[in-house]
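Before any comments, here is the structure.
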Amino acid sequence: PRYDDKVVAVFLHHTDSPNDYACADAPRIIRLLYAGHTSVRNWDDIGYNFLVDRCGTIYEGRAGGVDRAVTGAHTQGFNHRTAGIAAIGTFTAGTPVPSAMTNAIAALVAWKLGLAGVDPRSSVTLVSSNTLSRYAAGTTALLPALAGHTDGFPTNCPGAALTVRLPAIREAAARLQGRS
């Protein structure tokens, strides 16, 4: 694993996979995602730092220690000083987002950003490392501390249904951190 000094932002993703899975099948789904990242894309590990299933179970993704600032491979241009959380499923407009999932994401965001004292409702300055992102390499961008994948990369991820939930997830994470 490669490490940064700290995590100051989290990017939320969806895995673009079926939503009707049994929660007991989540480990199998994660193994398939891992195989896609390592075999098809030829990465050294799964790109996401964490994955969350529809029942609210949080899984470690990329190896290196959940409490450490492991550099992921989840948001082109913005993998440094960030963590990637993938919601297992596809969350296009009108798709129900399980509250167990959003509650777990909020708790994870509160904890991960809390390690660096970052308010999940704040904005942070990140520097793009790759011109394939929304910003040319070297460009400083002001992004939400809890951002959707689309904030850093031209994509529909994490899907419209999760994107509209981001403000509520930020507020819940801030409350869990003890912020008013």
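Condition check ((1) out of contact with any strand residue (DSSP E or B) (no Cβ under 7 Å at 6 or more places or on another chain); (2) open to solvent by less than 60 Å² (accessible area, probe 1.4 Å); (3) farther than 14 Å from Leu12 by Cβ) across all residues:
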position	(1), (2), (3)
Asp45	yes, yes, yes
Phe50	no, yes, no
Tyr59	no, yes, yes
Val70	no, yes, yes
Gly77	yes, yes, yes
His80	yes, no, yes
Thr90	no, yes, no
Thr95	yes, yes, yes
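I'd like the residue in the range 153-165 that is in a loop (DSSP other than H, G, I, E, B) and open to solvent by 50 Å² or more (accessible area, probe 1.4 Å) and, out of all such residues, is nearest to Phe78 (Cα to Cα).
Residues of the range 153-165 that are in a loop (DSSP other than H, G, I, E, B), as a first pass: 153-159, 164-165.
Adding the requirement that they be open to solvent by 50 Å² or more (accessible area, probe 1.4 Å) leaves 153-154, 156, 164-165.
Details: Phe153: 9, Pro154: 13, Asn156: 17, Val164: 22, Arg165: 22 Å.
Here the answer is Phe153.
Please work out which residue is most open to solvent (accessible area, probe 1.4 Å), limiting yourself to the range 168-180 and to residues that are part of a helix (DSSP H, G or I) and more than 13 Å from Ser122 (Cβ to Cβ).
In the first step, residues of the range 168-180 are kept if they are part of a helix (DSSP H, G or I); the result is 168-176.
Narrowing further to those that are more than 13 Å from Ser122 (Cβ to Cβ): 168-169, 172, 175-176.
Numbers: Ala168: 59, Ile169: 5, Ala172: 22, Arg175: 152, Leu176: 110 Å².
Selected residue: Arg175.
Any idea how many residues of the range 129-152 are outside any helix (DSSP H, G or I), open to solvent by less than 50 Å² (accessible area, probe 1.4 Å) and closer than 24 Å to Leu162 by Cα?
Residues flagged as outside any helix (DSSP H, G or I), open to solvent by less than 50 Å² (accessible area, probe 1.4 Å) and closer than 24 Å to Leu162 by Cα within the range 129-152 amount to 8.
Counting just the residues of the range 40-80 that are outside any loop (DSSP other than H, G, I, E, B) and at pLDDT 95 or above, which one comes out farthest from Ser99 (Cα to Cα)? Explain how you work it out, then say what you get.
The first filter runs over the range 40-80 and keeps only residues outside any loop (DSSP other than H, G, I, E, B), leaving 40, 50-52, 58-60, 70.
So of that shortlist, the ones also at pLDDT 95 or above come out as 50-52, 58-60, 70.
Numbers: Phe50: 18, Leu51: 15, Val52: 12, Ile58: 14, Tyr59: 17, Glu60: 20, Val70: 27 Å.
Here the residue is Val70.
Does at least one position in the range 30-40 carry a residue that is in contact (Cβ under 8 Å) with a residue 12 or more places away in the chain and touching a helix residue (DSSP H, G or I) at 6+ places or on another chain (Cβ under 9 Å)?
no
Quick test for you: out of Pro18, Pro27, pick the one residue that is surrounded by fewer than 17 Cβ atoms within 10 Å (Cβ to Cβ) and either touching a Gly at 6+ places or on another chain (Cβ under 8 Å) or part of a loop (DSSP other than H, G, I, E, B) (or both).
Working: Pro27 fails: either touching a Gly at 6+ places or on another chain (Cβ under 8 Å) or part of a loop (DSSP other than H, G, I, E, B) (or both).
After applying the criteria, what remains is Pro18.
Is at least one residue of the range 112-126 in contact (Cβ under 8 Å) with a residue 60 or more places away in the chain, in contact with an Asp or Glu (Cβ under 6 Å, 6 or more places away or on another chain) and either open to solvent by less than 40 Å² (accessible area, probe 1.4 Å) or β-branched (Val, Ile, Thr) (or both)?
Looking through the range 112-126, none of the residues is in contact (Cβ under 8 Å) with a residue 60 or more places away in the chain, in contact with an Asp or Glu (Cβ under 6 Å, 6 or more places away or on another chain) and either open to solvent by less than 40 Å² (accessible area, probe 1.4 Å) or β-branched (Val, Ile, Thr) (or both).
Name the single residue, out of those in the range 1-15 being over 16 Å from Glu60 (Cα atoms) and part of a loop (DSSP other than H, G, I, E, B), that is most open to solvent (accessible area, probe 1.4 Å). Show your work before the answer.
Taking the range 1-15 and keeping what is over 16 Å from Glu60 (Cα atoms), we get 4-6, 8-9.
So of that shortlist, the ones also part of a loop (DSSP other than H, G, I, E, B) come out as 4-6, 8.
On the way: Asp4: 36, Asp5: 115, Lys6: 84, Val8: 17 Å².
Here the residue is Asp5.
The values are calculated or read from the model by the stated rules, or taken from the named source; none is laboratory data. Please read all numbers here as calculations on a predicted model, not as lab measurements. As a convention, Cβ positions derive from the backbone with ideal geometry for all residues, glycine included, and neighbour counts pool all protein chains shown. Note: accessible area is taken over every heavy atom of the protein model, side chains too, but ligands, DNA and RNA are not part of it. Shrake-Rupley method; radii C 1.70, N 1.55, O 1.52, S 1.80 Å.
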